[in-house]
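Note sheet for the following structure.
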Amino acid sequence: MNTVSFTLSADEVELLPSNEDVLFYQEHGWYLAKKLLTDDEVNTLVIESERFYAGHRDRELPIHPPRIAYWTPEEGDRQRHNDYIHYESDAIRRILTKPLIGAVAARLAGAELVRVFQSTLIYKPPRPEEESNIVPWHFDKHYWSTSTSDRMLTAFIPFHDCDEQMGTITMVDGSQRWQEIGANDTVTRHFADRDKSELEDLLRENAAYNGTEVCKVPMMIPKGHMSFHHCRTYHGSGANRAAAPRRAISLHLQDGDNRWRRFPLSDGSTLTYNHDYVVRRDEDGDPDYTDPNFCPVVWTERTA
């Protein structure tokens, strides 16, 4: 794995969120970043994703966890999700661990240090009738209940201009500040395993409980730009009605304080996240979410 130098050029410093941007993120739960990737970097993501779909791996996961999202060609022309793309592709990893992305995340999260938590390669075919293209309303922290942090966040990185026609990611404005009602530990199950109408009802119930309405904001993201959202911001996406596939990566990021925690379920079992099967163990024998192979540091103020 490559060693990253945590420095920014003068031009890159100009691309960081302003104080006003950080306040906006804290209020609304999302932020549309400036152009953080060059056209060459985005084009590399396209090329390397196609190599990945064709079978190329720089390394393979030692085990496929039971709940991993991992499309294979046998599944056909549906929405593709492939977790751990930053582990299996060196070229994609180098782009996702670009210090500028980590520095933006650090400013938004108010963190000294930021690590990768997970990354998912996504391909949404131009088939509006394909049900798998619809991503129902959810927020990521539900799936990360084994994490101690509430400052985790996600960068959504399309490989092209991305708008409503392509089924762009859509945020529920300000929902990261809601108090939650009507949830139980079934919310830890991935949205693909949940009833879409049930999740829609849960969103409306939570909005009503907080005395507000659901305000949906589609992210209009130019090529090279990306959106960031808080781990408790409700989001989803619609069908791809364009002529070309919607290609993207969801890059999930954790602040340096995040650690594994035991999360008991109502049936008496303990929740497991995918990392719990692949990362190294700490001195207590628990999953180590600082494992540099799977959770590399992408920014730290300590050496900047």
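Laboratory data are not the source of any read-out in this text; all were calculated from the coordinates shown. Remember, it's a predicted structure, so these values are computed and weren't measured experimentally. Note that each Cβ is placed from the backbone with ideal geometry, even for glycine, and that neighbours are counted across all protein chains shown.
Numerical summary
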| quantity | calculated |
| --- | --- |
| Set of lysines with alpha-carbon distance to K223 below 28 Å, sequence-local pairs under 8 removed | K34, K35, K98, K124, K141 |
| Residues I181, I134, I157, sorted so that the one with the fewest Cβ neighbours within 10 Å comes first | I181, I134, I157 |
| Length gained when the stretch E131-E112 is fully extended (0.36 nm per residue, less Cα-Cα span) | 2.8 nm |
| Candidate lysines - alpha carbon under 17 Å from K216, same-chain residues fewer than 8 apart omitted | K196 |
| Listed peptides 210-222, 249-261 by packing density, highest first (mean Cβ within 10 Å) | 249-261, 210-222 |
| Where a label projected 7 Å from the Cα of N43 along Cα→Cβ would reach, residues of the stretch 224-239 with amide N under 18 Å | 224-225 |
| Cα pair count fraction exceeding 32 Å, expressed as % - the chain | 22 |
| C-alpha center-to-center spacing [the stretch 197-219, the stretch 10-33] in angstrom | 25 |
| Burial ordering of D173, D284, fewest other beta-carbon atoms within 10 Å first | D284, D173 |
| Helix-only [θ]222 nm of the chain, DSSP H runs n ≥ 4, -39500 (n - 2.57) each, per residue, nearest 500 | -6500 deg cm²/dmol |
| Footprinting exposure proxy for L271, L100 (fewest neighbouring C-beta atoms within 10 Å first) | L271, L100 |
| Alpha-carbon centroids, the stretch 38-114 and the stretch 225-255: separation in whole Å | 13 |
